[in-house]
1. How many residues does region 66-87 hold that are over 14 Å from the mean Cα position of the chain (by Cα) and buried (at least 20 other Cβ atoms within 10 Å of the Cβ)?
2. Kindly provide the set of residues from region 40-69 that are assigned to a loop (DSSP other than H, G, I, E, B) and over 21 Å from residue 80 (Cβ atoms), ordered by number.
3. Tell me, which residue of region 138-161 that is part of a helix (DSSP H, G or I), of a type outside the set (A, V, I, L, M) and open to solvent by 60 Å² or more (accessible area, probe 1.4 Å) is nearest to residue 100 (Cα to Cα)?
4. Collect the residues in region 1-37 that are of a type in the set (A, V, I, L, M, F, W, C) and more than 23 Å from the chain's Cα centre (by Cα), keeping them in residue-number order.
5. Select from region 86-108 the residues that are in a loop (DSSP other than H, G, I, E, B) and in contact with a Ser or Thr (Cβ under 8 Å, 6 or more places away or on another chain) and list them in ascending order.
6. So, in region 8-39, exactly how many residues are open to solvent by less than 60 Å² (accessible area, probe 1.4 Å) and part of a helix (DSSP H, G or I)?
7. Assess whether residue 42 counts as being farther than 27 Å from residue 128 by Cα and either among the hydrophobic types (A, V, I, L, M, F, W, C) or within 17 Å of the chain's Cα centre (by Cα) (or both).
8. With the requirement that a residue be open to solvent by less than 30 Å² (accessible area, probe 1.4 Å) and in contact (Cβ under 8 Å) with a residue 40 or more places away in the chain, what does region 40-65 give you?
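The values are calculated or read from the model by the stated rules, or taken from the named source; none is laboratory data. Just so it is clear, the model here is predicted, and its values are computed rather than measured. Every residue, glycine as well, gets a Cβ built from its backbone with ideal geometry; the counts of neighbours run over all protein chains shown. Protein only, heavy atoms only, side chains kept; ligands, DNA and RNA dropped before computing areas. Shrake-Rupley method; radii C 1.70, N 1.55, O 1.52, S 1.80 Å.
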Amino acid sequence: MSEWRKIPIGELCDSISDTYSGKDAEVILINTSDVLDGKILNHVKTLNKNLKGQFKKTFKKNDILYSEIRPANKRFAFVELEDTSLYMACTKLMVIRSKVDVVEPRYLFALLKSKQMIDELQHLAESRSGTFPQITFNSELATKVINLPTRVIQKKIISILDAIEEKIDKNLQINDNLYVQVRTPK
C-alpha cells in the first residue's frame, strides 16, 4: 500500500533569493511576462549596463519560476536550461528550489501549476489588501498543505504528465504547420 502524507509546501522547497554578481557583458533578463504556463519565453541577450534594479535573482536547472502577481495568469516556468549563468529573474518572480531529498522537482512543479492550486492561490491573492492580487512564498505558498506520495509514485505521475504534455506540444506543432500551409499562397 502506498503512503501519502500531508505536508506543508514550505517543507518541500525553499524560496531562493541569490543575487547575480557576475560581470558578463551580456545577460538575459526574465520578467514575469517572460514566463508562461511552464516555459521560459525570453532568451535574448541584453547589454549588462544600466539595468533596472528589479533584475537580480539567479536561478538554476530544475528551479521553478513563479510569479507573485495574479497566479491565474499562469506566469510560471520549470527551468530546464543546462546553463543559466547569464539569466537574471526579476524580484516579482519567486525562485523555488525543491528539496530533492523530499520531492521530485517536476512533481512539485506539477502541484504548483495544477488548477486547484492556481485557483486557491488566486483566491488568496485577491483577498490580500494592496494594489494588485499578489502572493508571497512565506505567507501563502509555504503554508499550503498538500498530500505527498512516495518518490516512486511521484516519478510515475511525472512520467504520465510528461507523456501527455509531449503529445500536446506535438499537436500544437502540427496545428501551427497546418496553419502555415493553409495561409501560404500556391
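1. Number satisfying all stated conditions: 1.
2. Those that are assigned to a loop (DSSP other than H, G, I, E, B) and over 21 Å from residue 80 (Cβ atoms): 48, 49, 50, 51, 52, 53, 54, 68.
3. Per the stated criteria, the residue is 151.
4. 1, 4, 25
5. 92, 104
6. Residues in region 8-39 being open to solvent by less than 60 Å² (accessible area, probe 1.4 Å) and part of a helix (DSSP H, G or I): 4 in total.
7. In short, yes.
8. Scanning region 40-65 gives 40, 57, 59, 63, 64.
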